[in-house]
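Working notes for the structure below.
Just so it is clear, none of the values below were taken in a lab; they were calculated from the coordinates. Just so you know, these numbers come straight off a predicted model, no measurement behind them. Here Cβ is always computed from backbone atoms with ideal geometry, including for glycine, and neighbour counts include all displayed protein chains.
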Amino acid sequence: MAETYTEVSIGRQWRDPLWLWRLTFLCFAVAIALFLALGAAETFVLTLHLQLSSIAEQSAGTFDSAVVMLNRLLFPVVALCALSSLALLYRLMANAHADGPTTKLTGPVLAVDAYFIPLLSLFMPPLIMAELWRATFVASDRQPNGLIALWWTALMIGMFANIFAIYASPATWADPQQATKLLSLSAFSFVCRAVAAGALLCIFGTIVRQQRSRLS
């Protein structure tokens, strides 16, 4: 999936990624707020399940309605995050090619496609992000200091934990001990995804600032 600059750079033009960065930041800020709110809600439900707290019947109805609304908002917000981040990744990768990298660098189209290729999507995105980082900071040799690893590890853990909790059988939820584990796992998954979103924002923000520094 690596192509030389001469193979990919034809027709590539450097364009300011600022507006895409601002859109991505806004989408991710909303997503992080939703993740944390739903994580807190799951934690509160866990305390109710363990009889560590209580809630009035009227308040319980309001709480349930709020959680349902937040869950309905989650999918479109996450979808917007995915679209905006892929568009930003494409632009940053295209800019890296327009700058003329000295090492092999994945093409911008393949960088986006990597998220949709079965099996490869489990490990290629962080490798491509590392390529983009190295191409961006080739002069200063600045390191991501674990940001990329934190982003992908937190994202994978959060996604798989959420899938496991969502698709657990009704019989599993009916068991009090298993229900406690699943509620804990669900709350943990939301926190992991919030951490992943924050780490990705830090990665993108750092690369955008470096690329835009050429304007000055």
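Could you work out the local net charge near W21, counting Lys and Arg as +1, Asp and Glu as -1, over the other residues with Cβ closer than 11 Å to its Cβ?
Cβ neighbours under 11 Å give a net charge of +3.
V45: net charge of surrounding residues, Cβ under 15 Å, Lys/Arg +1, Asp/Glu -1, itself excluded?
Computed value for this residue: -1.
Below 15 angstrom from the Cβ of L201, what's the summed charge of the other residues (Lys, Arg +1; Asp, Glu -1)?
Around L201, the surrounding residues sum to +3.
Can you give the Rg to Rh ratio of the range 125-216, both from alpha-carbon atoms, with Rh computed by the Kirkwood formula?
Here the Rg-to-Rh quotient is 1.21.
Semi-axes of the chain's equivalent ellipsoid from the Cα gyration tensor, sqrt of 5 times each eigenvalue, largest first, rounded to whole Å?
Working: eigenvalues 322, 61, 38 Å².
Each semi-axis is √(5λ); the values are 40, 17, 14 Å.
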